[in-house]
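> Encoded as structure tokens, here's the structure I'll be asking about.
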Amino acid sequence: MARTEPVTGRGPSRPVTRTLTADPLGGTVRRTVLPNGLRVITEAIPAMRSVSFGVWVGVGSRDETPARSGASHFLEHLLFKGTKRRTAWDISAQIEAVGGETNAFTTKEYTCYYARVLDDDLPLAVDVVCDLVANSVIDPADVETERGVILEEIAMHDDEPDDEVHDLLAEAVFGSHPLGRLISGTEATISKLTRRQIHDFYRRRYTPGAMVIAAAGNLDHRAVVRQVRAALRGSPLDAERPGAPAPLRPATPAVRARRPQVTLRRKETEQAHLVLGGPGISRGDDRRFALGVLNNVLGGGMSSRLFQEVRERRGLAYSVYSYASQYADGGTFAVYAGCAPSRVDEVLELVRAELAAVVEHGLSSDELARGKGMSRGGYVLGLEDTGSRMGRLAKGELLYGEQLTVDQLLGQVAAVTAEQVGAVAAELLTRPMSLAVIGPVESTMLAGAQSPPVG
């Protein structure tokens, strides 16, 4: 594996470039650190005719104060509304005119702005994306327009209980910790955010040391670096300016286990949506590969235990699955099911029985092999396009500080043992779990719940 040096303080006086990997299943990965600490990392894949380019910022919803919840997502919307050189129409039309696409997304720990274009049009994509990230004007009129858009987005999310229930579980598991808050913010916080607050957040947090620029496809690394420097020249992210200390993540409260909660949100929906889960592991935990295998066997596909027992044998749910969410200092492991309101207690009993069976009896050799195969296939098949490759580069640099080749990832999966899976199951699945439910359900119907309903 290739480890990357952390960016702390002033960068080198000249750009420093290293070749990190030359993956036979992919391409050549190179990394350049510019004088101000901005990192540019690329993967050259000559067989491709497209390139995906992204600017990744190590800032997300967990970096906000409670009063400014939703600022990162609000800002993501606003950066597409125009710069000194481009209107909002220009930003979209210039990329679409060459058959490309551009978009963005915000998570709890980072934000990404990206474009995917034909290889010949990469210089345009670099210029447009760097321009919108570095030079947004954040016009007051646009703030008010996008405020309405985001409030509609929040309302739409509230109309999708199969999505909303996962946010309820995060709140139940993390409580008042920033990881428990909504990425979008709430109607109350979005209504109060001012243009000045958003602009201050933008200029204070969007700094070179907090960013990674990543690209993958048919490209030349040195050309990408030149294009990035040209696109940022004269901007607040100017790569020619002296370096400044990279911002560190604010000292948020440590993620600590809290008393399991049962959160019931009564809604007149056709189905009841429930998520049972609790604390998981952080993304840097070496056990994440064993957890991935466990997740696959338990609820990761149509052959999984939960799918077979709850849907195929009993016909109690159309959708049932498990998942793991991992962050810098914590995570969750959970099971989702959508079922008839009258069957909630029965589904919960079956889910808990499957969790207990994994802990008590472990995985069979066939299940272990199948779980590993699903992980291997997920890694490889998920890297068959330039966008996935670009994202892997950026997250490796921004979140892990290393670049694993495909072979190294597959080796980590192959090394997982039944004992390792059993150990992580014993730790995560024996703890009392929180429960989130949305639907026309009464508290008396949750007989299997471990705590009285709250909320």
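The values are calculated or read from the model by the stated rules, or taken from the named source; none is laboratory data. Predicted, not measured: the structure shown is a model, and the values here were computed from it. Backbone-built Cβ (ideal geometry, glycine too); neighbour counts: all protein chains shown.
> Is one or more of the residues making up region 63-71 closer than 19 Å to ILE213 by Cα and either assigned to a helix (DSSP H, G or I) or assigned by TED's automatic domain parsing to the domain that holds ASP200 (or both)?
Scanning region 63-71, I find no residue that is closer than 19 Å to ILE213 by Cα and either assigned to a helix (DSSP H, G or I) or assigned by TED's automatic domain parsing to the domain that holds ASP200 (or both), so the answer is no.
> Still on this structure, please answer the following. Considering only residues that are at positive phi and either assigned by TED's automatic domain parsing to the domain that holds GLY338 or surrounded by 18 or more Cβ atoms within 10 Å (Cβ to Cβ) (or both), which ones fall in region 162-197?
Residue satisfying the conditions is GLY185 alone.
> Among the listed residues ASP158, ASP63, ASP167, ASP162, which satisfies the condition of being modelled with pLDDT of 95 or more and acidic (Asp, Glu)?
ASP167
> Pairs under 6 Å by beta carbon, first residue among the aromatic types (Phe, Trp, Tyr) in region 272-300, partner part of a helix (DSSP H, G or I), six or more apart or different chains?
Between residues of region 272-300 that are among the aromatic types (Phe, Trp, Tyr) and residues that are part of a helix (DSSP H, G or I), the close pairs are PHE289/GLN412; PHE289/VAL413.
> Quick one: count up the residues across region 185-211 that are over 24 Å from VAL262 (Cβ atoms) and part of a loop (DSSP other than H, G, I, E, B).
Of the residues in that region, 5 qualify.
> Right, another one. Any idea how many residues of region 87-101 are outside any helix (DSSP H, G or I) and surrounded by fewer than 21 Cβ atoms within 10 Å (Cβ to Cβ)?
5
Yes/no per residue for (1) among the polar types (S, T, N, Q); (2) at positive phi:
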{"site": "PRO279", "(1), (2)": "no, no"}
{"site": "LEU291", "(1), (2)": "no, no"}
{"site": "VAL310", "(1), (2)": "no, no"}
{"site": "ARG314", "(1), (2)": "no, no"}
{"site": "SER322", "(1), (2)": "yes, no"}
{"site": "SER325", "(1), (2)": "yes, no"}
{"site": "GLY338", "(1), (2)": "no, no"}
{"site": "VAL358", "(1), (2)": "no, no"}
{"site": "GLY362", "(1), (2)": "no, yes"}
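> Just give me the residues in region 84-109 being touching a residue at least 12 places away in the same chain (Cβ under 8 Å) and farther than 24 Å from GLU153 by Cα, in sequence order.
Matches in region 84-109: LYS84, ARG85, ARG86, GLN94, ILE95, VAL98, GLY99, GLY100.
> In the set VAL359, VAL344, which member is touching a residue at least 24 places away in the same chain (Cβ under 8 Å), in the same structural domain as VAL424 (by TED's automatic domain parsing) and surrounded by fewer than 16 Cβ atoms within 10 Å (Cβ to Cβ)?
Of the residues listed, the single one that is touching a residue at least 24 places away in the same chain (Cβ under 8 Å), in the same structural domain as VAL424 (by TED's automatic domain parsing) and surrounded by fewer than 16 Cβ atoms within 10 Å (Cβ to Cβ) is VAL359.
> While we're here: What tally of residues in region 146-161 results from selecting those that are surrounded by 15 or more Cβ atoms within 10 Å (Cβ to Cβ) and in contact (Cβ under 8 Å) with a residue 60 or more places away in the chain?
Of the residues in that region, 4 qualify.
> Further, regarding this structure: Looking at (1) modelled with pLDDT under 95; (2) in contact with a strand residue (DSSP E or B) (Cβ under 7 Å, 6 or more places away or on another chain), can you tell me which one GLU268 breaks?
(2)
> Sort out which residues of region 84-127 are among the β-branched types (Val, Ile, Thr) and over 27 Å from the mean Cα position of the chain (by Cα), and write them in order of number.
THR87, VAL98
> So if I check each of ALA244, ALA257, ALA251, ALA239, which one is of a type in the set (Gly, Ala, Ser), more than 23 Å from VAL59 (Cβ to Cβ), outside the structural domain of GLY37 (by TED's automatic domain parsing) and at pLDDT below 95?
Of the residues listed, the single one that is of a type in the set (Gly, Ala, Ser), more than 23 Å from VAL59 (Cβ to Cβ), outside the structural domain of GLY37 (by TED's automatic domain parsing) and at pLDDT below 95 is ALA257.
Matching residues to (1) farther than 30 Å from THR32 by Cα; (2) out of contact with any strand residue (DSSP E or B) (no Cβ under 6 Å at 6 or more places or on another chain); (3) of a type in the set (Asp, Glu):
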| site | (1), (2), (3) |
| --- | --- |
| ASP345 | yes, yes, yes |
| GLU349 | yes, yes, yes |
| ALA356 | yes, yes, no |
| GLY373 | yes, yes, no |
| GLY387 | no, no, no |
| GLY391 | no, yes, no |
| GLU397 | no, no, yes |
| LEU435 | yes, no, no |
| GLY439 | yes, no, no |
